[in-house]
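Here the structure comes first, spelled out in structure tokens, and everything after it is commentary.
The values are calculated or read from the model by the stated rules, or taken from the named source; none is laboratory data. This structure is a prediction, so every number in the text was calculated from the model and none was measured. Here the Cβ is made from the backbone with ideal geometry for all residues, glycine too, and neighbour counts use every protein chain on show.
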């Protein structure tokens, strides 16, 4: 009976913290794998750009006309709707 509160606390911790984090990681991985040329994205550092080239672990972003930056796929945090970056 003395183990019941400990087990109950672990179950609550799992559903409140661990499970949502795992869900976010799964969604982020799916977003990274679904990247395509021409997608408009935001990086973790706040850079906006269009995907111009895709590699296995790196993506080349066009941040301005003629200016391209190479970033890791994991650095991309959001895919924006088309027409956001001008």
Based on this model, can you work out whether residue 67 counts as in contact with a strand residue (DSSP E or B) (Cβ under 8 Å, 6 or more places away or on another chain) and either surrounded by 14 or more Cβ atoms within 10 Å (Cβ to Cβ) or at negative phi (or both)? no
Mind checking which strands (runs of 3 or more DSSP E) fall wholly inside the range 46-86 and carry at least 2 residues that are in contact with a helix residue (DSSP H, G or I) (Cβ under 8 Å, 6 or more places away or on another chain), under 21 Å from residue 27 (Cα atoms) and at pLDDT 95 or above? 58-64, 76-80
